[in-house]
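See below for the structure under consideration.
The values are calculated or read from the model by the stated rules, or taken from the named source; none is laboratory data. Bear in mind the structure is a predicted one, so any value in this text is a computation, not a measurement. Virtual Cβ from ideal backbone geometry, glycine too; neighbours counted across all protein chains shown.
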Amino acid sequence: MSETGRLADQIRRAFDGEAWHGDSLLEILGGVNAVTAAARPIPNAHSIWELVLHIRAWDDVAVRRAGGAAVALSDEENFPAVEDNSEAAWQETLASLKRTHEELVETVAAFPDSRLLEQVPGKTEEFYNFFYLFSGIVQHELYHAGQIVMLKKASR
């Protein structure tokens, strides 16, 4: 398996199952409804819904950067506001998250190993290459998955 194939596999596992550490993001989101997703059981913390929108935004950033775009998110893009708290809107948010994540996995799997050490467009830090970006996505999703677990527990 190629290095990008291994990275794509780790990104997939963190998101939808067979993760070494335990439950994946989708497993953690299982059973979360719109009311729980929109709740703010911890003062000054983001809601589950806001975290899901944030994860989706950064999965999309990784796809766009892999395609050559120098992407920087505004504060509103980084943590998009929840406009509609309905169950239908929550289900669409989850569906959109899944679509974006599938695109990310496909993009990373198809990315040439020979480009992994290339600088990511728009980044000036020497270490900020595609390997750093793709492995960082795994860390990002699991970090926020842990926050979602705590928010679910606090909502009970």
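Okay, here's what the table says:
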| item | result |
| --- | --- |
| Per-region count, segment 40-70, residues in contact (Cβ under 8 Å) with a residue 24 or more places away in the chain, aliphatic (A, V, I, L, M) and buried (at least 18 other Cβ atoms within 10 Å of the Cβ) | 8 |
| Contacts under 9 angstrom Cβ, first residue in segment 72-86 being part of a loop (DSSP other than H, G, I, E, B), partner loosely packed, with under 13 Cβ neighbours inside 10 Å and of a type outside the set (S, T, N, Q), 6 or more apart | Ala72/Gly122; Asp84/Glu92; Asn85/Val35 |
| Residue check for Asp23: touching a residue at least 60 places away in the same chain (Cβ under 8 Å), within 19 Å of Leu97 (Cβ to Cβ) and out of contact with any helix residue (DSSP H, G or I) (no Cβ under 7 Å at 6 or more places or on another chain) | yes |
| Extreme residue, surrounded by the fewest Cβ atoms within 10 Å (Cβ to Cβ), among residues of segment 106-125 that are closer than 17 Å to Val71 by Cα and among the acidic types (Asp, Glu) | Glu125 |
| Segment 45-71: number of residues that are closer than 25 Å to Ser86 by Cβ and part of a loop (DSSP other than H, G, I, E, B) | 3 |
| Filter pass, Thr107 being farther than 15 Å from Leu51 by Cβ and at pLDDT below 95 | no |
| Top-ranked residue in segment 4-28 [being touching a Lys or Arg at 6+ places or on another chain (Cβ under 9 Å) and in a helix (DSSP H, G or I); ranked as modelled with the lowest pLDDT] | Asp16 |
| Top-ranked residue in segment 1-39 [being under 20 Å from Arg56 (Cβ atoms) and of a type in the set (Lys, Arg); ranked as surrounded by the fewest Cβ atoms within 10 Å (Cβ to Cβ)] | Arg13 |
| Hits in segment 87-124 - residues which are in contact with a Phe, Trp or Tyr (Cβ under 8 Å, 6 or more places away or on another chain) and without any contact (Cβ under 8 Å) to a residue 40 or more places away in the chain | Arg115, Leu117, Glu118, Gln119 |
| Filter result (without any contact (Cβ under 8 Å) to a residue 12 or more places away in the chain and assigned to a helix (DSSP H, G or I)) within segment 129-156 | Gly136, Gln139, Tyr143, Gly146, Lys153 |
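Okay, residues lined up against (1) polar (S, T, N, Q); (2) farther than 24 Å from Ser24 by Cβ; (3) in contact with a helix residue (DSSP H, G or I) (Cβ under 7 Å, 6 or more places away or on another chain):
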| position | (1), (2), (3) |
| --- | --- |
| Arg65 | no, no, yes |
| Glu76 | no, yes, no |
| Thr93 | yes, no, yes |
| Val105 | no, no, yes |
| Ala109 | no, no, yes |
| Leu117 | no, yes, yes |
| Pro121 | no, yes, yes |
| Glu141 | no, no, yes |
| Leu151 | no, no, yes |
